[in-house]
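Every number here is computed from the coordinates shown, using simple stated rules; none is lab data. Because the structure is a prediction, the values reported are computed rather than measured. Don't worry about glycine lacking a Cβ; one is built from the backbone with ideal geometry, like all the others, and counts go over all protein chains shown.
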Amino acid sequence: MSTRTPLMAGNWKMNLDWKQGLALVEELGERLKDVDTSAVEVVVLPPFVDIRTVQTVVESDRIPLAYGGQDISAHESGAYTGEVSGQMLKALGASYAAVGHSERREYHGEDEQVTNAKVKAAFAAGLVPILCVGEPLEQRQAGKHVEYTLAQLEGGIEGLTAEQAAQIVIAYEPVWAIGTGEVATPDDAQEVCREIREALRAIHGDSVADAVRVLYGGSVKSSNVVELMGKEDVDGALVGGASLKAEEFAKIAGFQS
Ligand code: PGA
């Protein structure tokens, strides 16, 4: 039995303005009362402009919900128009920052070097990076999905200390399964999540490999989460569309009940 606490993270992407975000978090707070949140960590990744609102509700209603950014600047501060630093997120009580989501890689040209710098920027600010990796359809069809994903992993974690590596969260998100309704089978998810863990073992040893939470992402819903979570190396989910409805996301968070 794994001692890793499952983690369910909702990536709102560019959805919900602050008022809508407020309504979602308030409802989620109510619904999480029926979830054993000592047995699962629940996280939301709202748009930056919603985070102050999320902080206020989480703190005033004492909701067992962590939150973070969908991205983070690789830089500490200064003349980087449009960017948001790790320190700014930390000052809002954030715990996490997603790094290298496939949409960042595809639409913003983020490569391994940028991703690695962002992972390090998150740690420098005291945030836990959720490093997203995963192959496009072509690589899957060519049978190169493991190789491709591990190259992203290794590039993303390069130069981390073992202590940092033990804290990181990895999200395996096959690009062809994101927002498409095309969920990877539990065996597909397990195959790559295990390879990710074994790659961590080869680089950082057993204690790191056994501690790191490896999530699956791509069309996760309350109807498929239980089966995915039944796999040994799947420690949680990064949820897009299904995290925009409090009832559905709370069901995902409560997958154990
Ligand atoms: P999806 O998105 O759940 O809507 O497929 C997942 C993600 O991109 O993190």
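A few notes on this one:
- Candidate set from the stretch 155-175 (those that are more than 17 Å from the chain's Cα centre (by Cα) and in contact (Cβ under 8 Å) with a residue 24 or more places away in the chain); member that is surrounded by the most Cβ atoms within 10 Å (Cβ to Cβ): LEU160
Listed here are the residues, each with its yes/no results for (1) part of a helix (DSSP H, G or I); (2) within 20 Å of GLY93 (Cβ to Cβ).
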site: SER2; (1), (2): no, no
site: MET8; (1), (2): no, yes
site: VAL44; (1), (2): no, yes
site: VAL49; (1), (2): yes, yes
site: ARG52; (1), (2): yes, yes
site: VAL58; (1), (2): yes, yes
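- For the stretch 197-230, a tally of residues being free of Cβ contacts under 8 Å to residues at least 24 places away in the same chain, within 16 Å of the ligand (Cβ to nearest atom) and charged (D, E, K, R) returns 0.
- Cβ-Cβ under 8 Å pairs, at least 6 apart or on other chains, the stretch 31-45 side in contact (Cβ under 8 Å) with a residue 60 or more places away in the chain, far side acidic (Asp, Glu): ARG31/GLU247
Here is a yes/no grid of residues against (1) more than 23 Å from VAL43 (Cβ to Cβ); (2) touching a residue at least 12 places away in the same chain (Cβ under 8 Å); (3) of a type outside the set (Ser, Thr, Tyr):
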site: TYR80; (1), (2), (3): yes, no, no
site: LYS90; (1), (2), (3): no, yes, yes
site: TYR96; (1), (2), (3): no, yes, no
site: GLU112; (1), (2), (3): yes, yes, yes
site: LYS120; (1), (2), (3): no, yes, yes
site: ILE130; (1), (2), (3): no, yes, yes
site: GLU135; (1), (2), (3): yes, yes, yes
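- Any hit, the stretch 15-30, residues being under 18 Å from the mean Cα position of the chain (by Cα) and within 16 Å of the ligand (Cβ to nearest atom): yes
- Here the helices (runs of 4 or more DSSP H) wholly within the stretch 78-196 that include at least 3 residues being more than 16 Å from the ligand (Cβ to nearest atom) are 86-91, 112-124, 137-141, 145-157, 162-167.
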